[in-house]
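The values are calculated or read from the model by the stated rules, or taken from the named source; none is laboratory data. Every value quoted in this text rests on a predicted model; they were computed, and no experiment measured them. Note: ideal-geometry Cβ built from the backbone for every residue, glycine included; neighbour counts use all protein chains shown.
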Amino acid sequence: MSYICDLCPRNCKVDRNKKVGFCGMGDKIKIARYQKHMWEEPCISGSKGSGTVFFSGCGLKCVYCQNYQVSRGMGEEISEERLAEIFLELQDMGCHNISLVTATQFVPNIKTALDMARGRLRLPVVFNCGGYEKAETIAAMEGYADIYLPDIKYKSPDMSSRYSSCADYYDRAVESVGEMLRQAPECVFDGEGILRKGVIIRHLVLPGGYKDSIAVLEGIAKNFGTKGFMLSLMSQYTPMPSCAAFPEINRPVTTFEYKKAAARAVELGFEGYFQDKSSVGEKYIPPFGQNVVKLK
């Protein structure tokens, strides 16, 4: 598959048949783990879990990434045929959906795998991403993704530059989320309250960053309103080893910081989820140090 890559806003134009792009990936699908995942939003994980595939590499590489081993390239290469089999295995496990985590760098391969599973795969597909996407790449997922689960991490270009090396983060996120909402303007649930189609916008409150969180929430309301999609306001920030070089974020979020952001979300009229502070900690991070099960 040709990969003169312009899938993400980095537009690195690398021939990924010959060398890796900014994301750290070549032309072959690489995944770190797949599993029944119980720790997403209730309407995603439900009682049976979300069938989650963690793709290797990332176009953001945030300094505080919880899945930093994966975003830096840990994993094993697989074929499109094997990925299609994995989707069907997750369906056989009884999962509510198929969740593609950080999949932007493999969109063409994933579409091929979904085409191979078409007619047999009956679950909705979740596109779970960091928000720093090209609207054109999201448009290419129309008819393949049913649910979008993007982050909008920052409003401040200073923060997005410092922690994710992209001053244009917010503008690109607004464009890509706008395309997601064009495809799925309303949330649709089944009889068990499980999301079948729609958008959940996630925002993680960062240490010392609650004022930027408020700016993000106000920006979402200005651009998209507060209805039709859900907001997931997260408090689960957990300092990773790399945060030692960034002392201002090398601590958990305080209750005060999270409550300030949450209060503004309520004032603006958002609907969705507010995360309990007990969600902080590495126990919620999948054990990527273990071998990937049944890849071959």
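Of all residues in the stretch 128-156, which are aromatic (Phe, Trp, Tyr) and buried (at least 24 other Cβ atoms within 10 Å of the Cβ)?
TYR132, TYR148, TYR154
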Restricted to the stretch 1-52, and to residues that are among the aliphatic types (A, V, I, L, M) and in a loop (DSSP other than H, G, I, E, B), which residue is modelled with the lowest pLDDT? MET1
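In the stretch 69-85, which residue that is in contact (Cβ under 8 Å) with a residue 60 or more places away in the chain and in contact with a Phe, Trp or Tyr (Cβ under 9 Å, 6 or more places away or on another chain) is surrounded by the most Cβ atoms within 10 Å (Cβ to Cβ)? Before you say what the answer is, go through the steps one by one.
First, the residues of the stretch 69-85 that are in contact (Cβ under 8 Å) with a residue 60 or more places away in the chain: 69-70, 74-76, 78, 82.
The next check asks that each one be in contact with a Phe, Trp or Tyr (Cβ under 9 Å, 6 or more places away or on another chain); those that pass are 69-70, 74-75.
On the way: GLN69: 17, VAL70: 23, MET74: 20, GLY75: 20.
The extreme case among them is VAL70.
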Would the stretch 192-200 turn up any residue that is touching a Gly at 6+ places or on another chain (Cβ under 7 Å), surrounded by fewer than 21 Cβ atoms within 10 Å (Cβ to Cβ) and not in a helix (DSSP H, G or I)? yes
Within the stretch 50-65, is even one residue surrounded by fewer than 21 Cβ atoms within 10 Å (Cβ to Cβ), among the hydroxyl-bearing types (Ser, Thr, Tyr) and touching a residue at least 24 places away in the same chain (Cβ under 8 Å)? yes
Anything in the stretch 34-79 that is on the phi > 0 side of the Ramachandran plot and charged (D, E, K, R)? List them, or say none. LYS61
